[in-house]
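Worksheet: one structure, shown below.
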């Protein structure tokens, strides 16, 4: 019993000593860079489950994006959380039919970054993404809807460059993302959703590779750093296509991006910002 009490006292002493060392060290702060943007542009769709014709029209979307340095190694590793919801309407070449679409797409990425020179950051890593949506064509009576669902992992990269335009700080960013493997929903050519509802679900889940599933996104943004809240403008291009069971689905989007970006610090209970605190930004 005496030995157990002595062991507990030693462990408590070690914990208090370590805690005192942490309090004495400079506090590491990892600001969160969050953006809220609106995008609008053109959309070009083709889905042979609904129609062999290509449709063209407009698309709009809302995007949320969050960057933060990773806690385990904030100097070299950063994370990106992104979620978007979009919708649009497209028409056939003769403008006699309209196809509507809606999609929700969240993703999470972790990247290893390097800073080869002041103002320049290069990062490479992996990304996990989910896509849930549907196409609706009222012109079809038997099959008016083409459902979309996928869960994939892939690669992403990012390059940012910060400079001063007159007295205005500006940060440019280019980020491509590409899905590599995963799973996606794809029914047979003549398989009705009513059949799937009744239990005929065999083979509707397909293994995704770059051969039959391609999802490439290119994002170019410029942050005009006006103060606590920054103005973000940019361009987004996305090429999405699937091919399974003789069904081809393809979507090409071009959109302008505009929104705001903020950077804020979240402190845990009992923590406080001190003059010697180290700020490790994930983006700027």
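Inspect the range 96-116 for any residue being in contact (Cβ under 8 Å) with a residue 24 or more places away in the chain, surrounded by 15 or more Cβ atoms within 10 Å (Cβ to Cβ) and out of contact with any strand residue (DSSP E or B) (no Cβ under 6 Å at 6 or more places or on another chain) and give the result as yes or no. So far as the range 96-116 goes, yes, one or more of its residues are in contact (Cβ under 8 Å) with a residue 24 or more places away in the chain, surrounded by 15 or more Cβ atoms within 10 Å (Cβ to Cβ) and out of contact with any strand residue (DSSP E or B) (no Cβ under 6 Å at 6 or more places or on another chain). Condition (residue is surrounded by 18 or more Cβ atoms within 10 Å (Cβ to Cβ) and touching a helix residue (DSSP H, G or I) at 6+ places or on another chain (Cβ under 7 Å)) applied to the range 182-193: is it met by at least one residue? For the range 182-193, residues surrounded by 18 or more Cβ atoms within 10 Å (Cβ to Cβ) and touching a helix residue (DSSP H, G or I) at 6+ places or on another chain (Cβ under 7 Å): present.
Looking only at the range 43-74, how many residues end up being part of a loop (DSSP other than H, G, I, E, B) and under 21 Å from the mean Cα position of the chain (by Cα)?
Step one: of the range 43-74, the residues part of a loop (DSSP other than H, G, I, E, B) are 48-54, 70-74.
Those still in the list that are under 21 Å from the mean Cα position of the chain (by Cα) too: 70-71, 74.
Here the count works out to 3.
Does the range 194-211 hold any residues that are modelled with pLDDT of 90 or more and surrounded by fewer than 16 Cβ atoms within 10 Å (Cβ to Cβ), and which are they? Once the filter is applied, which keeps residues that are modelled with pLDDT of 90 or more and surrounded by fewer than 16 Cβ atoms within 10 Å (Cβ to Cβ), the range 194-211 yields 205, 207, 209, 210, 211.
Residues of the range 42-54 being under 28 Å from residue 258 (Cα atoms) and surrounded by fewer than 18 Cβ atoms within 10 Å (Cβ to Cβ), which ones? Even if it seems obvious, please write down each step before you answer.
In the first step, residues of the range 42-54 are kept if they are under 28 Å from residue 258 (Cα atoms); the result is 42-46.
Listed by number, the residues that qualify are 42, 44.
One residue stands out among those in the range 246-265 that are under 29 Å from residue 84 (Cα atoms) and more than 22 Å from the chain's Cα centre (by Cα): the one that is modelled with the lowest pLDDT, which is 247.
Do the conditions hold for residue 131, that is, is it under 27 Å from the mean Cα position of the chain (by Cα), closer than 26 Å to residue 56 by Cα and either crowded, with 16+ Cβ neighbours inside 10 Å or modelled with pLDDT under 90 (or both)? Spelling it out, residue 131 is indeed under 27 Å from the mean Cα position of the chain (by Cα), closer than 26 Å to residue 56 by Cα and either crowded, with 16+ Cβ neighbours inside 10 Å or modelled with pLDDT under 90 (or both). Determine whether the range 159-169 contains at least one residue that is part of a loop (DSSP other than H, G, I, E, B) and either without any contact (Cβ under 8 Å) to a residue 60 or more places away in the chain or under 26 Å from residue 41 (Cβ atoms) (or both). Among the residues of the range 159-169, at least one is part of a loop (DSSP other than H, G, I, E, B) and either without any contact (Cβ under 8 Å) to a residue 60 or more places away in the chain or under 26 Å from residue 41 (Cβ atoms) (or both), which makes the answer yes.
The values are calculated or read from the model by the stated rules, or taken from the named source; none is laboratory data. On a predicted model such as this, the values are computed, not experimentally measured, just so you know. Using ideal geometry, Cβ is built from the backbone for each residue, glycine included, and neighbour counts are taken over all protein chains shown.
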